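Bear in mind these aren't lab numbers, they're just calculated from the coordinates by the rules spelled out. Everything quoted here is computed from the prediction, not taken from an experiment. When we count neighbours, we look across all protein chains shown, and the Cβ atoms used for this are built from the backbone with ideal geometry, even at glycine.
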Amino acid sequence: MYIRRVDKSPAAIRAALPPAMRPAFETEFRAALATAADTFDIAPLDTVVRVWWTEALLCANPEVQAEVDETRRRIAAGDSTVFNITSEPAAVTRG
């Protein structure tokens with residue numbers, strides 16, 4: 001599977017988001033910028049970029065989001081094979 005990359009810059013993140021999601025990103029980004037300007041702490045800005053970069057990657061790669069959704073559905077349905085767990089205990093070896 002080919003994964004489309006998204007640069008971890010605010011401009012690239014914004015461009016990768018669908019138009020409906022951009023206002024929320026812009027609002028959070030601007031709030032984090034204001035906080036950074038007031039406190040000289042860029043941690044909130046880093047958090048916004050990290051969270052929205054993940055979202056942008058999923059938007060740029062809808063097939064990955066489909067896999068995530070399917071895995072969540074299987075977990076909710078009780079499918080333990082998602083975790084590569086079998087109903088039989090692992091063999092114990094003695095050395």
Obtain the nm distance between the two label points defined at Ala36 and Met21 by a simple spin-label model: each point lies 7 Å from its Cα along the Cα-to-C-beta direction.
2.0
Please give the peptides 57-63, 38-44 ranked by average Cβ packing (other Cβ atoms within 10 Å per residue), highest first, as a rough proxy for protection.
57-63, 38-44
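Any idea what the dipole of the chain comes to, in debye rounded to 20, about its Cα centre with Lys/Arg Cβ at +1 and Asp/Glu Cβ at -1?
Numbers: 11 positive and 13 negative charges, 34 e Å.
In total the dipole reaches around 160 debye.
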In degrees, nearest 10, range 0 to 90: what is the angle between the Cα axis of helix 62-76 and the longest Cα principal axis of the chain?
50
If you line up the long axis of helix 22-39 against the longest principal axis of the chain, both from Cα atoms, how many degrees apart are they, to the nearest 10?
70
Degrees, to the nearest 10: 43-60 long Cα axis against longest axis of the chain:
60
Rounded if a/c is under 1.5, else prolate if a/b is larger than b/c, else oblate: which is region 1-46, with a ≥ b ≥ c the root eigenvalues of its Cα gyration tensor?
oblate
MRE, 222 nm, helices only [DSSP H, n ≥ 4, -39500 (n - 2.57), over the chain, to nearest 500]:
-20000 deg cm²/dmol
